[in-house]
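Just below is one structure, and these are the notes that go with it.
The values are calculated or read from the model by the stated rules, or taken from the named source; none is laboratory data. In this text the structure is predicted, and so the values were computed from the model without any measurement. Cβ sites come from the backbone with ideal geometry, for glycine too, and all protein chains shown count toward neighbours. Accessible surface is based on the protein model in full, side chains and every heavy atom, while ligands, DNA and RNA are left aside. Shrake-Rupley method; radii C 1.70, N 1.55, O 1.52, S 1.80 Å.
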Amino acid sequence: FASWRGQWDAQTIELSLRRDDNEQFDGATTGSFAWGWQASDVLRLRASWGQGFRAPNFNELYYPGFFGLFEGNPNLQPERSSSSELGLDWRLSPEQELGLSLYRTRIDDLIAFEGNDYQAINVNRAAIDGIELDYHLMRGGLTIDGNATWQSATDSTTGERLLRRPDRKINLSLGYRFDNQAT
């Protein structure tokens with residue numbers, strides 16, 4: 001894995017390159033590129049693109065199944081993906097930030113438990129498109145983080161929705177840092 005990051009005035013660029021060598025599935029070289037521009041003291045624009053490679057794990061390949069469910073599949077192929085994202089971060093105040101991201105991911109040979117009896121299978125082509133809204137508040141020792149995601153995850157060949165990929169997700173976390181720095 002190699003990564004390079006550069007900054008010029010209000011712009012930041014990051015380039016990464018990774019090589020995975022898998023004795024069962026050969027290897028793959030993937031890369032990514034990210035750019036950010038601090039447009040003002042309160043606005044930051046960002047864009048990124050990256051590739052992914054994921055070999056099936058041992059359970060996905062060989063798990064015997066539990067009562068005939070979630071059985072592994074030794075014929076699985078590794079996933080290969082490409083993702084892009086555009087985003088805007090807005091500092092509402094010194095204590096608050098709001099972020100908006102649009103993303104698009106295309107996956108070949110997505111590994112999923114969607115076959116007969118939820119056996120591991122490869123979905124030939126999958127598409128995941130979405131939008132995410134993030135919020136961060138830090139006031140004194142209190143931290144509140146939340147995000148909401150709206151997405152469409154489909155099998156590109158059949159047009160059907162992918163299982164276990166919700167159309168909407170919401171996350172909220174609260175934290176407090178005490179005077180002794182314990183959290």
Scan of region 96-118 for residues that are open to solvent by 70 Å² or more (accessible area, probe 1.4 Å), at pLDDT 95 or above and more than 19 Å from the chain's Cα centre (by Cα), ordered by number: GLU97
Residue match in region 125-137 (condition: closer than 30 Å to PHE70 by Cα and more than 15 Å from the chain's Cα centre (by Cα)): yes
Residue check for ILE121: surrounded by 13 or more Cβ atoms within 10 Å (Cβ to Cβ) and part of a strand (DSSP E or B): yes
Enumeration of residues in region 127-160 that are in a loop (DSSP other than H, G, I, E, B) and open to solvent by 60 Å² or more (accessible area, probe 1.4 Å): GLY140, SER156, THR157, THR158, GLU160
Residue count, region 33-58 (criterion: under 16 Å from the mean Cα position of the chain (by Cα) and not hydroxyl-bearing (Ser, Thr, Tyr)): 10
Residue check for LEU92: out of contact with any helix residue (DSSP H, G or I) (no Cβ under 8 Å at 6 or more places or on another chain) and either in a loop (DSSP other than H, G, I, E, B) or surrounded by fewer than 14 Cβ atoms within 10 Å (Cβ to Cβ) (or both): yes
Selection from region 54-83 of residues that are among the small types (Gly, Ala, Ser), part of a loop (DSSP other than H, G, I, E, B) and surrounded by fewer than 16 Cβ atoms within 10 Å (Cβ to Cβ): GLY65, GLY68
Residues of region 12-38 that turn out to be open to solvent by less than 80 Å² (accessible area, probe 1.4 Å) and either over 20 Å from GLN51 (Cβ atoms) or not in a strand (DSSP E or B) (or both), as a count: 3
Test: residue in region 109-120 that is under 15 Å from ASP155 (Cα atoms) and of a type in the set (Phe, Trp, Tyr): yes
